[in-house]
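Trainee: Would you mind keeping the following structure in view while I ask a few things?
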Amino acid sequence: RWSKLYGAGTEAGGKLSSWPTSLSTTPLYIRRNCPNCADSHKTIIYKRLTPFPYGTDVENLFLDTWSSANNQLNVDFELYSSMSYAQADLFQWTYCNYDDNGIGFPRDCGPTGGVGGNWNSLNGGGQADYSFESYIEAPNPVTGGGLNDSGLCVGSDTSICGCSIANQDDYRGTISVTRTGKTCQAWTSQTPHPHDYLSTYPGSGIGGGHNHCRNPGSDSGGAWCYTTDPNVQWEYCNVPMCTHDGILSTWWHHFPYNGHASAQPTPAPTTDQCSQSYLELSTADRNAAYYGSGYCDQNINGGFQGENWYRFTGAAGTQLVTYKPETSHCGTSAPGWLQGSHPTAEEGTVTRTVCFNWSGNQCNWSSTISIANCGGYYLY
């Protein structure tokens, strides 16, 4: 979930959040969008590995002078061409330069060598249309939960309060004034403050024409709203915080699976299928983070040998993803993803639906498959 930090030219406007500080947890991500940059630089993900030292002016680092001080490529940070690459640690950029006063991000940094003319600056020159956004990863769900299976704080009533561990993005109450008493603008309205939150964050509780406080972008400050005051774009709301007590939740499944399991599935009873032979899909171009197309599994190619049982291994990851990959990923134009959950140990072998993302429809086509929980891995 991204929060906008800054915009210029055609990328200006919208609700702005605060830049990261030395107190921000790592890894954190900063994304620059630049529609008129070279293809390799239209989207750049800055993945911060080490905490920013106390007093670091992060805003100045990106907007004014791209500096090498406590900011070394592949030591303090990494650069990627997509968020999926950054989360999977694939295809890191290998070149950066710095310290040209008045020249902002990313100077001539490039995937494999210097690429000029794609930097931004507050002092003139460079790219005119660009924006920056930030994203801080959620805590590890194994140790940092706090929600029940409905995505809510344990024992909470989200018509009254919002879960602190979820930045109150689960709040569904009717508070519709800000902390200073300003009336909230209806989310479906574009006046007095236009926005694109309805299309950017569907399913976040902002549909239906109401003006209740919500947190569609998971702003760390909690629930907020646009105001009906033409001179005040937005403000936070006084929504009470729910308590939480650290229980693992399926709410975390909304965060993209990066192709690597953090823990092995619970051992399952050996099913008939688990004792039989299977084929492996093990190459990186089968990973959901891989950008590129070429395969079509209606044909025999890329490890696919027609109808059979398959297991994901190695660079391909360990299991079929349960979120929608973007088009032209996984080595194909219309990637598939599992609609629903994998079987538990007790369920053994089940039938599930795989959707294929294409033409703006995350389930443009679908197929029915079988999945076997073999205790430590899955077969499809």
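Trainee: Once amide H atoms are built 1.01 Å from N in the peptide plane, which residues 5 or more positions from residue 227, or in another chain, come under 5 Å H to H?
Mentor: Under 5 Å from the amide H of residue 227: 185, 234, 235.
Trainee: Which value in nm describes the separation of the simple spin-label points at residue 210 and residue 349, placed 7 Å from the Cα toward the beta carbon?
Mentor: Between residue 210 and residue 349, the simple spin-label model gives 4.6 nm.
Trainee: Accessible area, 1.4 Å probe, largest first: how do 83, 241 sort?
Mentor: Values: 83 30, 241 110 Å².
Descending order: 241, 83.
Trainee: For an R0 of 35 angstrom, estimate the FRET efficiency from the Cβ-Cβ distance between residue 60 and residue 229 and round to the nearest 0.05. Walk me through the intermediate numbers first.
Mentor: On the way: r = 30 Å, r/R0 = 0.87.
Between residue 60 and residue 229 the formula returns 0.70.
Trainee: Label points 7 Å out from Cα along the Cβ direction at residue 279 and residue 97: separation in nm?
Mentor: Modelled inter-label distance: 4.9 nm.
Trainee: On the full set of protein chains, 1.4 Å probe, figure out the accessible area of residue 242 and give it in Å² to the nearest 10.
Mentor: 10
Trainee: Where a Cα-Cα gap under 13 Å defines reach, which aspartates and glutamates qualify for residue 42, not counting those fewer than 8 residues away within the same chain?
Mentor: Residue 42 reaches 11, 129.
Trainee: What is the magnitude of the charge dipole of segment 1-111 about its Cα centre, with +1 placed on the Cβ of each Lys and Arg, -1 on the Cβ of each Asp and Glu, and no other charges, expressed in debye to the nearest 20?
Mentor: Numbers: 9 positive and 11 negative charges, 98 e Å.
About 480 debye.
The values are calculated or read from the model by the stated rules, or taken from the named source; none is laboratory data. In this text, all values refer to a predicted model and were calculated from it rather than measured experimentally. As a convention, Cβ positions derive from the backbone with ideal geometry for all residues, glycine included, and neighbour counts pool all protein chains shown. All accessible areas refer to the heavy atoms of the entire protein, side chains included, with ligands and DNA or RNA removed. Shrake-Rupley method; radii C 1.70, N 1.55, O 1.52, S 1.80 Å.
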